[in-house]
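Peer 1: My questions all concern the structure below.
The values are calculated or read from the model by the stated rules, or taken from the named source; none is laboratory data. Since the model is a prediction, treat every value here as computed from it, not as a measurement. So basically every Cβ, Gly included, is an ideal-geometry build from the backbone, and we count neighbours across all protein chains shown.
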């Protein structure tokens, strides 16, 4: 990833406008660049224009592709009656619907399993406590193994995985593949999901889990559920 070269004087002016430290302004520029899929330099110019700050000298020093990124975006220019706090508030409020729409589309694209989507979508759209997604997603996987394996008795997830997805296809309730390595692979994946993610999430609370972590995890569980849906029941067990 190329290193960004922000204009330091402009960075200080932005920090003064929003009443925050320079490091905070730098982080906001990085987030804006990520959301808009543009360079940090372009994001800085566009944000500065929203506050009516002069950017011509810095903008002229930027390479053509960054110039194009700036020209292809139309920043909101403040009027004389618009103060910095009003503009910052307006920017946040206008960004929120776009983020919500983007998140909704991401969830729709990432998750194909109906039950997983219904139980995790609201948690993924929340503002925090994303460790709940890990608990719910692994519970969906646990429940699905019971349903597909027609297991009626109470079993802990590790024993359940061993019974339903035995690494030996001839002993498994669900056969993913007659190839022993592939059968063992999915068995190990499910067992690993429960050991590495379900157990900690069910016994401890964590505020360190990010939305991105939760989205990636849900996507992986969705893939596992799709593979299970294609498995066949073993009539000999």
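Peer 1: Taking region 21-51, which residues are exposed (fewer than 15 other Cβ atoms within 10 Å of the Cβ) and outside any helix (DSSP H, G or I)?
Peer 2: Those that are exposed (fewer than 15 other Cβ atoms within 10 Å of the Cβ) and outside any helix (DSSP H, G or I): 21, 37.
Peer 1: Looking for something touching a strand residue (DSSP E or B) at 6+ places or on another chain (Cβ under 8 Å) and modelled with pLDDT of 95 or more - is there at least one such residue anywhere in region 189-207?
Peer 2: no
Peer 1: For residue 115, indicate whether it is under 18 Å from residue 230 (Cα atoms), modelled with pLDDT of 95 or more and surrounded by fewer than 16 Cβ atoms within 10 Å (Cβ to Cβ).
Peer 2: Against the criterion (under 18 Å from residue 230 (Cα atoms), modelled with pLDDT of 95 or more and surrounded by fewer than 16 Cβ atoms within 10 Å (Cβ to Cβ)), residue 115 qualifies.
Peer 1: Please work out which one of (1) touching a residue at least 24 places away in the same chain (Cβ under 8 Å); (2) farther than 20 Å from residue 118 by Cβ is the condition residue 179 fails and give its number.
Peer 2: The number of the failed condition is (1).
Peer 1: Kindly indicate which of 184, 136 is free of Cβ contacts under 8 Å to residues at least 24 places away in the same chain and within 27 Å of residue 121 (Cα to Cα).
Peer 2: The match here is 136.
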